[in-house]
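Below: the structure, in structure tokens.
A short reminder: the numbers here are calculations on the coordinates, not readings from a lab. Please read all numbers here as calculations on a predicted model, not as lab measurements. Neighbour counts are summed over all protein chains in view; Cβ atoms, including those assigned to glycine, are modelled from backbone coordinates with ideal geometry.
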């Protein structure tokens with residue numbers, strides 16, 4: 001499978017895939033800033049950031065809650081930091097901040113969550129391949145029938161992200177016109193996310 005971080009030329013246009021890591025939330029169930037909690041030898045957020053960066057031309061991490069601590073935790077990863085001052089208003093504000101920050105050459109973004117450390121890079125690659133194959137503007141992973149990040153959003157629908165509100169990500173975009181959504185079906189459970197300190201002991 002061809003790596004989506006490669007830049008392809010079609011009619012002289014460079015196609016660029018950008019990762020957007022959503023890492024701004026309040027982590028209320030965890031009791032403290034979970035993204036900087038140690039997990040397998042480094043801050044939790046570094047795992048998702050590094051995985052996403054490995055399959056994209058550039059990765060942007062959207063931070064908000066405890067911004068300086070999360071920024072410091074990500075210092076060892078090659079990501080660009082964007083601070084979302086509106087993070088308290090929900091996940092949609094971070095997605096909007098990410099879309100606004102992508103370079104004008106970006107043709108699509110792959111969106112992942114900072115508290116999901118076990119995303120398989122092959123899944124992100126498959127999203128890009130499915131987008132190229134189908135031409136549909138949204139491609140999401142579907143784990144045994146359950147939609148879950150990562151999700152690819154093409155530039156065709158960037159403008160619609162501006163209309164999103166509240167604590168939801170790409171789901172309203174997918175629900176609005178289901179026929180424009182492609183899927184990558186994966187025969188494994190949804191990758192776990194860290195909600196409580198005991199989740200840090202999970203292996204997969």
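Neighbour counts of C-beta atoms inside 10 Å place 129, 107 in the sequence 129, 107, starting with the fewest.
From the Cα gyration tensor of segment 8-191, with a ≥ b ≥ c the square roots of its eigenvalues, which class applies: rounded if a/c is under 1.5, or else prolate if a/b is larger than b/c, or else oblate? Judged from the Cα gyration tensor, segment 8-191 comes out rounded (a/c under 1.5).
Considering only 137, 117, 191, the Gaussian network model of the chain with Cα springs below 10 Å gives its largest mean-square fluctuation to 191. Computed from the C-beta positions of residue 32 and residue 165, the FRET efficiency with R₀ = 22 Å rounds to 0.20. Of all DSSP bridge pairs formed entirely within the chain, close to 40 percent run antiparallel.
Could you work out which residue, out of 186, 36, 60, moves most in a Gaussian network model of the chain, that is, has the largest mean-square fluctuation with Cα springs under 10 Å? Highest fluctuation among the options: 186.
Once the Cα atoms are used to define both axes, helix 44-53 deviates from the longest principal axis of the chain by about 20 degrees. Quick one: among 134, 188, 105, which has the greatest mean-square fluctuation in a GNM of the chain with alpha-carbon springs under 10 angstrom? Highest fluctuation of the listed residues: 188.
Listed by Cβ neighbour count within 10 Å, with the fewest neighbours leading, 196, 93 appear as 196, 93. For a test of the definition: using alpha carbon positions, the gyration tensor, and the 1.5 limit on a/c, classify segment 56-123 as rounded, prolate or oblate. It comes out rounded by the Cα gyration axes. Segment 61-83 and segment 110-156 have Cα centres separated by 22 Å. Sorting 62, 177, 138, 81 by the number of Cβ atoms found within 10 Å of their own Cβ, with the fewest placed first, yields 177, 81, 138, 62. Using C-alpha pairs below 8 Å separated by at least 6 residues, the relative contact order for the chain is 23 percent. Each label was represented as a point 7 Å from its Cα along the Cα-to-Cβ direction; for residue 104 and residue 188 these points are 4.0 nm apart.
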